[in-house]
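J.: The following block contains the structure, expressed as structure tokens.
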Amino acid sequence: MKKLLIGILIPVVMFGAVVLGLNVNYAARIRQNAGKMLYENNSKERNNSITALKEIYQADAMPVFGSSELFSMFGPGYPSNLFHYGNSDFNMILYGQGGMQSLEHAIALAALADHMPDGKVVLIVSPQWFTVDSVSPDAFASCFSERMYKGFVTNPHISYDTKRWIADRAEAILKEADPAQYDRVCLYDQVYLEKSVDPAKFLNVVGWDMLQDTQTKRKTAIWGETLENTATEPAVKAAEIDYAELLKQSQVEGEAACTNNRFYIEDSYYDLYIASKVELMENSSEGVSYQESPEYWDLELFLKVCKETGIQPLIVNVPVHGSWYDYIGFDREGCRVYYQKIRDLCRTYDAAILDFSEKEYEPYFLKDIMHLGWKGWVYLDEGVYRFSQNPGTVIEYPFTLHATVEVGEAETGNETATETGAEAENEATQEAGLEAGTEVTQEAGLEAVTEVGTEAAPGKTTVSVHITDHLSDVQNVFLETGGYRWELTEDEEGFLCGSISIEEDADAVLAKLQEGILHGDGRFGAGVNAKVEINVEESK
Amino acid sequence: MKQLEKIVTNPWFKWVLAGLMLIAIFIYLLNADFSSAPEFIYNQF
């Protein structure tokens, strides 16, 4: 009997040693080439491998989940172009493909959350996901990663209820589209989720898992060795990126690429998909809307996973293409409802939101009728970088504002009267043209009016700030701009305002006031950082 | 020849052989394609 046991042990130990050796070898080779995989976001070899993504996330990098827009490699703002393919002190690690939606992102996040050192993730949400049918079963099955599913179902930080909810959705979709994958998913669920004690099922899952895990690592290791280092010079310092300049470049490139149609759609896309049927498409989408969709549940699952794993999400609310959607007669009121539902979900789950819904009609924001384009990427880059630089904060109020400078007559020399005087009508309004990049403020618009009045003593200026939009549930608020700082309190009508006296001429003060950052304590102890564009009104 | 005979007739030989076969099957399976997902072509429009 003893001899038999030793005999059985011999092949088991031999086999185990070889499998372990292979896995260690593959993991080391993946680690060696991880730097070259940073911007290989269209490779399944990278995206199916938790080992590879774990290595990549070690760098100073922000995971960015999305779908087909990740392949809209247009313009200077596209992350690989902007960050010189990894030769940068900050990178965006793109994860996703066409057809990948919230449910698969929730599964991937659950698998990867423990390997994200910064504890943050960005999800680019497309309105086109929110159809009545939501994700197509074929698309789901095609994008489905079993390695990610295994990582999800074994993550101890996610509650049973959330796991069951995701598992039910995945099973329902796969049953129709990929029965073989459905059977394997059911087996994972029975063993890891329902804790089945059936030894046959357990051995089946363990054996299959070992084989597939090694197979995935092997593919990734071999593929990684074929990659070349694509990083370009010079090294990028993310803090020094000039987004205003990038927007100008994007405008120029967009203008050159969109010449054959009135919708600001890229020429080749327009020729391929639209030109031949443009007349037929007029009002062809009447009655279609994004108001009701199972995708809202899936997005909620993603946010639930964020909450349970302690990951701080930034949701990017990509707009529809305004002029095209008008042309095809799409339910525009439904779009507004859609935007609001996304905002409400973010609010419910304390998620930061980068809300681009006001950019529906901005030329070159999108490259075609739905994918981020030249300017869209630049706005997104700036927002994501800001998000990455604010540890422990929730950015809740994104939107775009414009600055105006108004120069008026001074009325009095004392502070109180100056404030009053500044509220009087002003003359000689100048458009400052300080268009912001990605704004981080309230959806409805957060606008600060700064009133500058010279006091009787020359060289002394009183500056009063008045936030003209309501901010609810925020305390200990202060605004910083031009090196000055205002403590803000609510006035009688609930608007935030404050005033300081500065030992400088009004002109010197004016030169420094451009845009500001508003800080405060938001709900549930979360911080608020809002970018504020300032309308300056000068009273002399 | 005698050396080979000695190895083959060793009582542990069959177990070592079983181990080698297991490893061979595993390496063979590493190259197999088990994907069952339907083909999906993403429609950009």
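J.: How much length is gained on full extension from residue A:361 to residue A:286, taking 0.36 nm per residue of separation minus their Cα-Cα distance?
T.: Residue separation times 0.36 nm, minus the Cα-Cα distance, leaves 25.0 nm.
J.: Projecting each Cα onto the charge dipole of the range A:173-302 (Lys/Arg +1, Asp/Glu -1 at the beta carbon, about the Cα centre), which of A:179, A:285, A:243 comes out farthest on the positive side?
T.: A:179
J.: In the range A:104-150, which trypsin sites (Lys or Arg not before Pro) are in a loop and have at most 10 other Cβ atoms within 10 Å, using DSSP for the loop call?
T.: none
J.: Right, here's the next one. Could you order the peptides A:499-512, A:241-254 from most to least packed, using the average number of other C-beta atoms within 10 Å per residue?
T.: A:241-254, A:499-512
J.: Go through the range A:161-242 and name the GluC sites (Glu not before Pro) that are in a DSSP coil and have 16 or fewer other Cβ atoms within 10 Å of their Cβ.
T.: Answer by residue number: A:194, A:228.
J.: While we're here: Roughly how crowded by other chains is peptide B:31-39, in terms of the mean Cβ count from those chains within 10 Å of each of its Cβ atoms?
T.: Mean shielding count: 6.
J.: Something else about it: Can you give the mean number of other chain Cβ atoms that lie within 10 Å of the Cβ atoms in peptide A:9-17?
T.: Averaged over the peptide's residues, the number is 5.
J.: Taking neighbour counts of Cβ atoms within 10 Å as a proxy for exposure, in what order, fewest first, do B:34, A:263, A:356 appear?
T.: Fewest-to-most ranking of B:34, A:263, A:356: B:34, A:263, A:356.
J.: Under the 0.36 nm per residue contour assumption, what length would be gained going from the current alpha-carbon distance of residue A:8 and residue A:210 to full extension?
T.: Fully extending the segment from residue A:8 to residue A:210 adds 70.8 nm.
J.: So, with +1 on the Cβ of K and R and -1 on the Cβ of D and E, and no other charges, what is the size of the charge dipole of the range A:262-395 about its Cα centre, to the nearest 20 debye?
T.: Result for the range A:262-395 is approximately 440 debye, rounded to the nearest 20.
Since every read-out is calculated from the coordinates, none of them should be taken as a lab result. Since the model is a prediction, treat every value here as computed from it, not as a measurement. Neighbour counts are summed over all protein chains in view; Cβ atoms, including those assigned to glycine, are modelled from backbone coordinates with ideal geometry.
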